[in-house]
1. For segment 257-268, just list the computed ³J(HN,Hα) in residue order, Karplus coefficients 6.51, -1.76 and 1.60, θ = phi - 60°, integers in Hz, with x standing in for Gly and Pro.
2. Tell me which residues come under 5 Å, amide H to amide H, from Leu27 once H is placed; ignore anything under 5 positions away on its chain.
3. Hey, can you rank 183-191, 288-296, 156-164 by average C-beta count inside 10 Å, highest first?
4. Against the longest principal axis of the chain, how steep is helix 297-346, in degrees 0 to 90 to the nearest 10, with axes from Cα atoms?
5. Tell me, what is the FRET efficiency for Ser385 and Ala171 to the nearest 0.05, using R0 = 41 angstrom and their Cβ-Cβ distance as r?
6. Using 1/(1 + (r/R0)^6) with R0 = 41 angstrom and r between the beta carbons of His215 and Glu392, what's the FRET efficiency to the nearest 0.05?
7. Going out from 0 in 10 Å bins, what whole percent of all Cα-Cα distances in segment 102-230 drops into each bin?
8. Going by amide H atoms built from the backbone, whose H comes under 5 Å of the H on Ile288, apart from near neighbours?
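Each value in this text was obtained by applying a stated rule to the coordinates, not by laboratory testing. In this text, all values refer to a predicted model and were calculated from it rather than measured experimentally. Cβ placement follows ideal geometry from the backbone for every residue including glycine, while neighbour counts extend to all protein chains displayed.
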Amino acid sequence: MSTLYAALAAALLCLCAHANAQPAAALTLDDAIARVADTHPDLRLIDSRARVLDAEKDLASLRPALIAGASIENALGSGDSRGFKEAELSLSLASVLERGGKLDARRVLAQTRIDALAMERETRRLDLLAEVARRYLAVIAAQRHAQIAQADIDQRQRTVAAARQRLKAGASPESVVLTAEAALAHAELDQARAGQQTHAARQYLAALWGERDPHFTVASADPTALPDIDSASTLSDLLQRTPELTHFAGERRVREARLQLARSNASADLSWQLGIRRLQATDDVGLIASLSLPLGARHRAQPEIQAAAAELSLLEIEREAKDMSLYSTLIEAHGRYLGAQLEVNRLRDEVLPKLDQAERAAERAYRAGAISYLEWAQVQSECISTRRQRLEVALDAQRALIEIQRLTGQAFIAAPTATTAQGISP
């Protein structure tokens with residue numbers, strides 16, 4: 001399971017590829033994962049439950065207690081037995097002899113519960129790992145939105161400057177300048193909103209390790225760098241190794257142990273007692289011994305045996321249902337990822353280059369008086385809108401990739417892609 005955890009941790013790093021030189025204070029995804037692994041209460045809670053189960057295992061390993069007893073008979077009565085002349089004093093030692101392997105069955109059940117808890121901890125660890133990646137991705141997304149907003153501000157500033165030049169030359173009315181300034185203010189609002197979203201996303205991420213006032217910065221990354229992944233049929237074969245399914249193997253052992261314990265109850269326990277008795281009247285001492293065996297133990301154990309057997313038979317159906325659910329989730333995420341990957345690549349290779357060329361041509365045409373401000377502004381808006389579309393599609397693909405990696409525990413990275421805080425990939 002540690003290998004699976006390491007593979008998933010490496011796989012999730014694809015959405016936070018570092019630049020060649022990052023500030024020392026920049027938080028990386030592996031830093032965030034380490035903080036969560038050290039402090040998250042869900043993991044500490046499971047560790048505490050492990051201590052409880054260890055104590056229960058010690059309790060289950062105890063044999064029936066020895067019972068020391070003392071009794072006095074024929075004392076303080078009426079007639080000749082008045083006082084202690086005819087009293088009989090008995091000292092005894094008693095216990096229960098367990099039959100049917102009850103002690104071993106209890107030990108096995110306690111140990112299988114401990115083993116199942118270890119699997120549960122690994123499952124929860126992987127779920128937290130995926131949640132860290134999602135929240136880290138939200139910070140990256142907000143930063144990228146801020147970069148796109150800055151690009152929008154840059155081109156709107158050029159528009160305002162060009163509109164003012166045309167206004168001074170008497171080739172354009174003042175309303176064009178005001179409209180351009182309004183568009184610039186709108187772009188600045190988008191940037192301010194992205195800054196606030198970045199702050200909120202950092203707080204949301206830091207909440208995973210209990211930090212209330214985060215001051216860290218997140219390492220820059222390019223979420224539009226989407227690696228190739230295997231086919232759905234290949235990935236579905238890896239589902240058998242996911243903790244959500246391997247958990248059923250541990251659960252099967254637990255239920256088998258419960259069934260064995262229930263079957264052991266069909267063998268009645270033998271109660272025994274051994275002691276000595278002193279007769280006060282004759283000052284004689286004698287040995288006393290007794291054995292007792294309850295009747296009907298097998299009949300009384302049948303309902304418990306039937307219930308344990310039914311729970312064991314249900315497990316395979318539960319596993320099959322979970323397998324179908326996981327497979328459906330995998331297929332849906334795989335389709336989402338491939339569709340988003342295709343769209344991101346087409347927007348990068350075909351749409352955005354043409355829009356960038358169109359925006360530069362529109363700027364030249366506007367300055368030359370060949371087109372109106374509205375025509376240039378429309379091209380600018382289309383450029384920014386397409387960049388935002390590409391980012392949103394890429395983020396959806398990254399979320400699908402996180403889900404695929406959480407299910408399979410496999411890495412699909414060819415090489416990390418670096419980016420800078422100032423640049424926006426086309």
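1. 5, 5, 5, 5, 5, 5, 5, 5, 6, 6, 8, 5
2. Thr217, Val218, Ala219
3. Result, highest mean Cβ count within 10 Å first: 156-164, 183-191, 288-296.
4. On a 0 to 90 degree scale, this one is about 10.
5. With a Förster radius of 41 Å, E is 0.90.
6. Result of the calculation: an efficiency of 0.90.
7. 11, 22, 19, 17, 13, 8, 4, 3, 2, 1, 0
8. Answer set, sorted by chain and number: Gly275, Ile276, Arg277.
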